[in-house]
Each structure stands twice: as structure tokens, then as C-alpha cells.
Amino acid sequence: MVTNEQMRELALALPEANQGDHFGEPSFRVGKRIFAVLYPAERRAVLKLPLDAQEALAEGEPEVYSLGNFAHQGWTHVCLKGVPKAHFRHHLETAWRGVAPKRAVRALEES
């Protein structure tokens, strides 16, 4: 289980990550590229994942992972109440790696 605050802390702990606004909801970015959005009232996050990963997650655990209108772009809904923190951290990092510059990925790997 991941709280809204834990999600925010995990996202901002990634190199060069910052928080911004996305249609009134907190979004997490590297530069201007969004890798995650938090919907605090719903205890839900949306992560930008590789298409093959999102399909496997949604098929394997549909109560935790689901696909919405922008699934074709990799956006995957995650129920924070149902996902273990270690799994969420892994998926969040995967989303971050998809938008982060190589120097930031190297910084994470070296730490």
C-alpha cells in the first residue's frame, strides 16, 4: 500500500524530478516531460509505462492496474491502496526512465 505522500516522495527522490500542475492535479516531471500524475482524492496514480509492461500488469492484476483513454500512449492507472511500495517504486522508476535524460539515468545507477 502506498500513500499519496509516499508517492510524492518517491517521485521527487528521482534525479531531476520536479512537481508541477496537470489540469489541477500534481504531476511529476523531468524538465517538461511528465512521467506520473497523482489523483489524491482517488488514491490513484497514472504512470507512463512501456506498452508491453502496462498490458501485462492490467491483465495480471486488474484490481490494481487499469487502462484508460490514453493507454495507447502508455498511461497506466495504479490503485495506490492495492500496490506494494516496492512494486510501485519499480514502476515509477520505469516511468521516470522513459522520460529522463541519459545523464539523470546514469546518476541514479551510480547512486
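Read the figures in this text as sums done on the coordinates, not as results from a lab. From a predicted model like this one, the values you see are computed outputs, not experimental measurements. Every residue, glycine among them, receives a Cβ derived from its backbone with ideal geometry; neighbour counts consider all protein chains shown.
Observations on the model:
- Residue-normalised convex hull volume from the C-alpha trace of the range 4-105: 94 Å³ per residue.
- Scanning the chain for chymotrypsin sites (Phe, Trp or Tyr not before Pro) that sit in a DSSP loop and have at most 13 other Cβ atoms within 10 Å, the longest stretch containing none of them is 24-69.
- The range 68-111-the range 5-34 distance, computed between alpha-carbon centres (Å): 11
- Neighbour count of at most 13 Cβ within 10 Å plus DSSP loop: longest trypsin sites (Lys or Arg not before Pro)-free window in the chain: 33-80
- Dmax and Rg, reported as Rg then Dmax, of the range 27-70 (C-alpha, Å): 11.4, 32
- About its Cα centre, the dipole of the chain is roughly 360 debye, where the only charges are +1 on Lys and Arg Cβ and -1 on Asp and Glu Cβ.
- Based on C-alpha pairs under 8 angstrom that are at least 6 apart in sequence, the range 4-105 has a relative contact order of 26 percent.
- Nitroxide proxy distance, nm - points 7 Å out along Cα→Cβ at ARG106 and GLN19: 3.0
- For the chain, lysine pairs with C-alpha atoms less than 18 angstrom apart, excluding pairs fewer than eight positions apart on the same chain, total 4.
- Selection from GLY20, LEU38, ALA56 lying farthest towards where the dipole of the range 1-62 points positive, charges on Cβ: GLY20
- For the range 67-111, the fraction of C-alpha pairs farther apart than 14 angstrom is 60 percent.
- Rh by Kirkwood over Cα pairs, then Stokes-Einstein D for the range 1-46 at 1.002 mPa s and 20 °C, µm²/s: 204
- Sites matching GluC sites (Glu not before Pro) across the range 40-111 that sit in DSSP coil, with at most 13 neighbouring C-beta atoms within 10 Å: GLU63
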